[in-house]
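First up is the structure itself, then whatever we jot down about it.
Every number here is computed from the coordinates shown, using simple stated rules; none is lab data. Source: prediction; values computed, not measured. Reconstructed Cβ throughout: ideal geometry from the backbone, glycine too, with neighbour counts over all protein chains shown.
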Amino acid sequence: MGVQEAMTGPSVLFFFVNAMDLTTLTLTELRDALWAGQVTSVVATEAMLDRIVAVDNEVKSYLTVTDDLALEQAAAADKRLAAGERTPLLGVPVAVKDMFCTRGVATTAGSKILEGFVPPYNAFVVDKLAEAGAVLLGKTNTDEFAMGSSTETSAYFATHNPWDLERVPGGSSGGSAAAVAGRMAYAAFGTDTGGSVRQPASFCNIVGLRPTYGRMSRWGVVAYASSLDQVGVFGRTVADVTAMFQATAGFDPRDSTSLNVPVPNYEAALTGDIRGLRVGVPKEYFIEGLDGEVETAVRAAINQLADLGADIREISLPHSRYALPIYYLIATAEASTNLARYDGVRYGPRVAGADVIDSVQKTRALFGAETKKRIMLGTYALSTGYYDEYYGKALQGRTLIINDFNKAFADVDVIAGPVSPTTAFKLGEKVNDSLALFLADIFTLPLNLSASCGLSVPCGFDGRGLPIGLQLIGNTLQEATILNAAFAYEQATEWHLRQPVIGG
Amino acid sequence: MSKYEAVIGLEIHAELMTNSKMFCGCRVVDSVEAPPNTAVCPVCLGMPGMLPVVNAQAVEYALRVALALNCTINLHNVFARKNYFYPDLPKSYQISQYERPLGIKGWLDIELENGETKRIGIRRVHMEEDTGKLTHLDGGGSLVDYNRSSVPLLEIVSEPDIRSGEEARAYATRIRQILRYLGVNSGDMEKGVFRVEPNISIRPVGTAAFGTRTELKNLNSFRVLADGTDYELVRQAAVLDAGRQVVQETRGWHEGRRETFSQRIKEEAEDYRYLPDPDLPPLHLDATWVEEVRAALPELPQAKLARYRADFGLSAYDAAVLTEDRTVAEWFETAVSIPPHLNPKTIANWVINELFRLMNESKQSIDDIRVSPAGLVELIGLVEKQTINNNTGKEVLAEMFASGQSGTAVVEAKGLAQISDEAALAATIKQILADNAAMVERYMNGEAKLRGFFMGQVMQATQGKANPKLVNQLLGQALNQAEK
C-alpha cells in the first residue's frame, strides 16, 4: 500500500527508494534518506506496517501495533522535515518493549494482570524518543514482567525467531529483537535485567546494547528487579544502536538512580580504530557447557579484533560462577516487592471477591506460573531468619562480582566473550526446565550485577544457520569504547548483513 | 500494681508539614478537609514504573527533630522497603528506614507532677511515608483516599523507660510541643497528624525480663493516652494475678466504657521482609549541613522556661504558660524587648490574665489577634502613668482586641483618661457628701465601711475615670472636714 502510494507521487526519488524495499534500510540509512528528502516518514512507516501485516502473524513480535498513531506521528514528522527540522530520529519508525509505559497505549508487561492497562504517562525514554522525532510502531512482546530468556512466559503468546520460526528469539526482550531482525522496526527498546537485550540480540543476529546502570532513566519502565533493570537498545547495526542510544540516554531527575553525567558524542566515537585497545578474555567464560560452534565463532571474532590492532590478553573474573545464584536471589527478592502492588485496587483488571482481601487474592491469580514462582522465591529470600543467609549473602557476593570487574578493568579496556552458551533453542524445549533456562544467562548476568556496560554484536552462525553473538563488556560509562570496538569489528565482517528469510 | 513494675515505650508518628509529599511533587493537604484523591499522582498511587525522589525539605525537618531530641545523627542514611499488604498502601510496601535511621540514642527530659525530672531514652527517629486512608461503609465496601499517601512521616521510638500513664502523657506532650516549636508539625491529634501508640507491659518488681506487651492504637488525646495506659496496667495486673497470661495484641480505647478492648491479636510477629530500597541510593548527609541545621534550631521550650525564670523572675507556672506555645513566647518576648522595657512580670500578668481570656472567649490564637506587643506595652504604659486606672486599662484592652485600635486612640475616643484634677474631684466629692447627708451621719457614727459607698459614688459620677488614689485621698480629707 505504502509502496503504491509513493510510486504515484510526484518525485522520482520516491521511486528510487521504494524500488529497493524500504525495510532493508538501516536506521541511519533511513535517516539520511529522510533528511535528504528522498523518502517520507509516512512511506517508511507504511512499509514497516505492511511488513508487520505480512510476517508478524508468524513471528508474533508485537503485542500492540499502533498503526493509526504511527501514521499520525509520521505525517507530523514529514511536516517538520519539510520545514527543515532535523531532530536525531525525526520520522524514524521504532518499537518499544511492552515494559515501557506509553501514554494512551496499552502497557501489559506481557502479563494478564495488566491487561487493558493504559498509562496516563510516558516512560522518560519514550518521551526522549518523541522529542527526537521517532514514530512509535507499537509495543513488543516480552516474557511476563521480563522474567524469562525466551519470551515464552508472555501471558499472550510466544514470539518466534525470524531465523527459524520453530525457535525462540531469546528473551525477555524477544519481541523487540524479532521485530528488528524481521525488519518490522528500524530499532527498538528492550530492558536488560540479566541479559534480556544481549541474549536475544545474539539469537537474532542484531546488535543489542545494555548501557551502564543509571545511564538511561528507568522512570516509567515497569520494574522487575530495580537494582538490575536497565533500558537497552536494539538495532541492525552498531551505528543504528548508537543513534537511538545517543538520542535517549541521559540524566532524569525523577529517577534517583539516574547518573547525572553529561552524555558524550557516541556517534563521533565510532572511528573504527581500535589499535592498542586492551581486550581481556575471561577464562571463566569458556567453560564446559559452552557450545563448540559458539566458542569457535567467538574465538574467531576475538582474533579478528587482534587483527584490527587490539591487544588481547587472558583475564580472570574468578567469582563468575556465583553470579547465577546471586542474580536469582537479588532479582527475585526485588521482584517480590515490586510486583506486590498489582492487586487490582487502583488499576488493571480486578477480579470480584467476597471482600477486598478476597478480591485481591483472586486478582493475583492472574500472574503466570513463572512470575508466581519468582515472587515466592523472593519472598522466601527476604523472610526473617533467611535474609542473612540469602538476600544479605547475595548482596555480599555482588560486591565480589563488582570487585572482579574493577580489577579486570584496571588492566583492560574491553572484556570479550560469548553472549550465550548456545544458539537459539526450540520453543518449548526449556519451558519446563528453569535451571536450563537460567544457565542460558550465565555470561550475561555478571554484568548486570556490576556497574559495567555491554553489548552483543553478530559474529557468525552455527551449522544450522543460527546466529551467534560476541559480547563486549566495558567499564562504567565506557559505552563509547565498546560501541567503537563493535563498530570496528562490524566494518571488518559481514555477519550483520545477513537477513533472515521468514517462513522460507 | 505495687508488686508489678510498668514498662512502657511510646511510638509516635508525626506528619511533617512540608509543601510537597515525601517522594513526589504532590501537595500535602489537610486529609480531613480536602476532597478525596485530589492530591495524588502516579507516584503516590504506586503505578507501574513510577519512582520515588526524596524530599529535601522533609529531610531537614526530620533532622531538626532528631537534633532537638539529642540524637546521634547517621550521616549515611538508608531507605528500606517495609513490605505488607493493605489496600491503603499503594505499592504494598512503605518506604521507611530500618537499619540506618536518621537519629539514634537520643533522650528527652520530662517533668513529673512531683516536680522531679526524668530522662526518657529515645531509641530512634526515622523518616518514612504515610499511607492512604480507608473508610469502611456500613453496607459493605470500602472507600480509599490516597491524599495522605506518601505524606512525609516521622517515627519517634522511645526506650521502654516510661512507668505510668502520667509519664506517657508528659513525654508525648513534650514531644508534641517540641515538634511545634520546630515548625514541623501542627500537633493535631484529632486529625491524626500526631499519633501516639504506647507499648505496655508489666513485670514483677525486681525482675528484668519483659512481660508480654499490648499496643494501644487510635488514641486521640493525651488524656486518653494517660487513662488508656493506666487502665491497661491495671488490667494486665489483674490478668497475671488471676494466673492467666497477657495476650500480645493491639487494643483500642472505648471512651463510653472507659476501658481498652482487643482489636487484633498478633499470633506471630508480622514479617515485613525489609530490604534496602533499590530505587533510592543511600542518602549521605553533609556534616557541615547538619551543624548548620543544629545552629539554626530555635530555643527549645525547656531552655526558654528556665531563662524566663532566671532572667525575668517569672514563677514556674507563668513561665510554663508563656512557653507552652512558641508563637506566644515570641510575642511575649517582643513585648519585653520594647522600650521602656516594662517589668516582664507586669507584661506576663497582662498576657496571662487578660490577653489569654480575650483569646479564649473569641477562640483566637496569638497569630489571629489584632493587639500587637507594642500595643500592649503602650497600654500598660498608660496605666503606669495613671492616665487610666487598672480597670479602665482592661476595658481598653478589650476594645483594642475587638477593633484593632491603639490604646491611646481608644482612651481619647471614649474620653477614658483619668480625672486627676484635684479641684474638680473635690467639688464632685463635696456635692456627693451633701447629697447623702444621712449616710455621712451614719459614717460619723462609726459605720466605717460606708467609705466604700462614697468611693463608688464618686467613680460612678466620673464614669470610672477618676484617679482612684486621688479620690481616696480627697475623700478622706472631705470626711475629716465634715467631722469637725
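Worth a mention:
- Rounded to whole numbers, the Karplus 3J(HN,Hα) couplings from phi for the range A:78-87 are 4, 4, 5, 4, 5, 7, x, 5, 9, 6 Hz, using 6.51 cos²θ - 1.76 cosθ + 1.60 with θ = phi - 60°, and x at Gly and Pro.
- For the pair A:E72 and A:E494, a Förster radius of 56 Å applied to the C-beta separation gives a FRET efficiency near 0.90, rounded to the nearest 0.05.
- The magnitude of the dipole of the range B:159-299, with charges of +1 and -1 set on the Cβ of Lys/Arg and Asp/Glu and taken from the Cα centre, is near 580 debye.
- Inter-probe distance in nm under a simple model that places probes 7 Å from Cα toward Cβ, at A:T87 and A:D291: 4.1
- Magnitude of the charge dipole, the protein assembly as shown, Cβ model with Lys/Arg +1 and Asp/Glu -1, debye to 20: 1680
- Excluding same-chain neighbours fewer than eight residues apart, the aspartates and glutamates reachable from B:K3 by a Cα-Cα span under 20 Å are B:D161, B:E166, B:E167, B:D230, B:E232, B:D241.
- Proximal lysines relative to A:K407, as straight alpha-carbon distance under 30 Å, when same-chain residues fewer than 8 apart are discounted: A:K283, A:K393
- Within the range B:4-289, the ratio Rg/Rh, alpha carbon atoms throughout and Rh by Kirkwood, equals 0.97.
- Computing Rg and the Kirkwood Rh from the Cα coordinates of chain A gives a ratio, Rg/Rh, of 0.96.
- Placing unit charges on the Cβ atoms only, positive for Lys and Arg and negative for Asp and Glu, gives the range A:319-398 a dipole magnitude near 240 debye about its Cα centre.
- Simple rule: put +1 on each Lys or Arg Cβ and -1 on each Asp or Glu Cβ in chain B, find the dipole, and look at B:V28, B:F332, B:A424; the Cα lying farthest toward the positive end is B:A424.
- Distant-in-sequence amide contacts of B:A80, defined by a placed amide H-H separation under 5 Å and a gap of 5 or more residues or a different chain, comprise B:S96, B:Q97, B:Y98, B:D277.
- For the pair B:S142 and B:S372, the difference between a 0.36 nm per residue extended length and the Cα-Cα distance amounts to 77.9 nm.
- Relative contact order of chain A, pairs being alpha-carbon contacts under 8 Å that are 6 or more residues apart, as %: 17
- Dividing the helix sum by the residues of chain A, where each DSSP H run of 4 or more adds -39500 (n - 2.57), gives a mean residue ellipticity at 222 nm of -11500 deg cm²/dmol.
- Label point distance in nm, B:E422-B:L297, each placed 7 Å from Cα along Cα→Cβ: 6.1
- Stretchable slack from B:A482 to B:W289, in nm (0.36 nm times residue separation minus alpha-carbon distance): 61.4 nm
- Amide H contacts under 5 Å for A:T140, placed H, 5+ residues apart: A:L63, A:V96, A:K97, A:D98
- Share antiparallel - DSSP beta bridges, the protein assembly as shown, percent rounded to 5: 85
- In terms of other Cβ atoms within 10 Å, B:T392, B:T323 run from fewest to most in the order B:T392, B:T323.
- Among A:N484, B:G192, B:S92 - extreme Cα towards positive end, dipole of the protein assembly as shown, charges at beta-carbon: B:G192
- Cα gyration tensor, the protein assembly as shown - rounded (a/c under 1.5), prolate or oblate: prolate
- Cross-link pairs beyond the 18 Å C-alpha cut-off, checked among A:K139/A:K372; B:K385/B:K465; B:K118/B:K345: A:K139/A:K372; B:K118/B:K345
- Sorted by Cβ neighbour density within 10 Å, fewest at the top, the residues A:W163, B:W289: B:W289, A:W163
- Dividing the helix sum by the residues of chain B, where each DSSP H run of 4 or more adds -39500 (n - 2.57), gives a mean residue ellipticity at 222 nm of -12000 deg cm²/dmol.
- Burial ordering of B:E166, B:E129, fewest other beta-carbon atoms within 10 Å first: B:E166, B:E129
- Cα gyration tensor category, rounded, prolate or oblate, for the range A:398-504 with a/c compared to 1.5: oblate
- Mean shadow area of chain B over all directions, Cα convex hull, nm²: 33.4
- Residues with amide H under 5 Å from that of B:L219, placed H, sequence gap 5 or more: B:V196
- Efficiency of FRET between B:V29 and A:V118 - r from beta-carbon atoms, R0 25 angstrom, step 0.05: 0.40
- Antiparallel bridge percentage (DSSP; both residues within chain A; nearest 5): 70
- Remark: the B:S186-B:A413 segment gains 77.7 nm on full extension, using 0.36 nm per residue and subtracting the alpha carbon distance.
- The reciprocal of the average 1/r between distinct C-alpha atoms defines the Kirkwood hydrodynamic radius, which for the range B:149-229 equals 13.9 Å.
- Helical segments meeting 27 Å axial Cα length and Kyte-Doolittle -1.0 threshold in chain B (DSSP H): B:222-241
- FRET efficiency for B:F356 and A:D21, using Cβ-Cβ distance with R0 set to 60 Å, rounded to 0.05: 0.10
- Cα extents for the range B:299-414 along the principal axes, largest to smallest and rounded to whole angstrom: 43, 30, 20.
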